[in-house]
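Heads up: the structure comes next, in structure tokens.
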Amino acid sequence: MGQVKFLKNWNNKLNNNYFLTVRLHTPSKKRYYTNQIINFEKVNVLLGKNEELYCRAKLVYMDIDLFKNIPEWLSYVDSGLSKTEFYNLLEEFYKDKKEWKGKYTKLIILCYMRVDGNV
């Protein structure tokens, strides 16, 4: 069974039936998430530094785009932050990664559907 990890429940998004997450694009992450969407498998949603099981979900949508093309609404839904604040947060997370290219960074946008409530 696959998994998707969250350090924090930004914007309380994990409490919704559908929730988004934005991840730094790498070829291996693309393969990993593509496998989840093709197989429509249940994944464990892990939360916090201790990676506790929060719920289970299925990946229902995946897209890849540059940060500069991400609409403002996506940053609000994902993190509760404006696009500028969201950029600063991503930069803090990823600035030391070779894939970080500022506003030209390629990102994976994922939308999950909860299938099991809090466990």
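Read the figures in this text as sums done on the coordinates, not as results from a lab. Quantities reported herein were computed from a predicted structural model and do not represent experimental measurements. We place every Cβ from the backbone using ideal geometry, glycine too, and count neighbours over all the protein chains shown.
Using the Cα centre as the reference, give the magnitude of the dipole from point charges on the C-beta atoms of the stretch 2-116 (Lys, Arg: +1; Asp, Glu: -1; all else neutral), rounded to the nearest 20 debye.
Working: 20 positive and 13 negative charges, 63 e Å.
The dipole of the stretch 2-116 has a size of about 300 debye.
I'd like the FRET efficiency for residue 76 and residue 26, computed as 1/(1 + (r/R0)^6) with the beta carbon distance as r and R0 of 25 Å, rounded to 0.05.
Details: r = 26 Å, r/R0 = 1.02.
Taking R0 as 25 Å, the efficiency between residue 76 and residue 26 is 0.45.
Which ³J(HN,Hα) values in Hz, rounded to whole numbers, follow from the phi angles of the stretch 96-105 under the Karplus curve 6.51 cos²θ - 1.76 cosθ + 1.60, where θ = phi - 60° and Gly and Pro get x?
Each residue's phi maps through the Karplus curve to give 8, 8, 5, 6, 6, 10, x, 5, 9, 6 Hz.
Please name which of 64, 46, 110 has its Cα lying farthest along the dipole of the stretch 43-119 towards the positive end, using unit charges on Cβ (Lys, Arg +1; Asp, Glu -1) and the Cα centre as origin.
So the residue we want is 64.
Suppose only helical runs count, i.e. DSSP H with n ≥ 4. What mean residue ellipticity at 222 nm does that imply for the chain under -39500 (n - 2.57) per run, divided by all residues and rounded to the nearest 500 deg cm²/dmol? The partial results should precede the final answer.
Details: 3 runs with 33 residues, N = 119.
For the chain, the value works out to -8500 deg cm²/dmol.
Sorting 62, 1 on the 10 Å Cβ count, fewest up front, what's the list?
Details: 62 16, 1 8.
Ordered by Cβ neighbours within 10 Å, fewest first: 1, 62.
Do any of 58/83; 42/68; 58/101; 42/103; 68/97 go past 28 Å between their Cα atoms, and which? Kindly include the intermediate steps, with their values, before the conclusion.
On the way: 58/83 26 Å; 42/68 31 Å; 58/101 30 Å; 42/103 32 Å; 68/97 18 Å.
Over 28 Å Cα-Cα: 42/68; 58/101; 42/103.
Taking 0.36 nm per residue of sequence separation and subtracting the Cα-Cα distance, how much length would be gained by fully extending the chain between residue 18 and residue 61, in nm to one decimal? Intermediate values should be presented prior to the final figure.
Values: separation 43, 0.36 × 43 = 15.48 nm, distance 1.04 nm.
Additional length available on full extension: 14.4 nm.
So for the pair residue 69, residue 41, with labels modelled 7 Å out along Cα→Cβ, what separation do we get in nm?
2.8 nm
What is the stretch 2-116's relative contact order, in percent, from Cα pairs under 8 angstrom and six or more apart in sequence? If you can, show how the numbers build up before the last one.
Values: 198 pairs, mean separation 45.2, N = 115.
Here the relative contact order equals 39 percent.
Based on DSSP, what percent of beta bridges with both residues in the stretch 2-116 are antiparallel, to the nearest 5?
Here the antiparallel bridges make up roughly 80 percent for the stretch 2-116.
Obtain the radius of gyration and the Kirkwood radius of the chain from its C-alpha atoms and give Rg over Rh. Spell out each step's value before the answer.
On the way: Rg = 13.7 Å, Rh = 14.6 Å.
Taking Rh as the inverse mean 1/r over Cα pairs, Rg/Rh reads 0.94.
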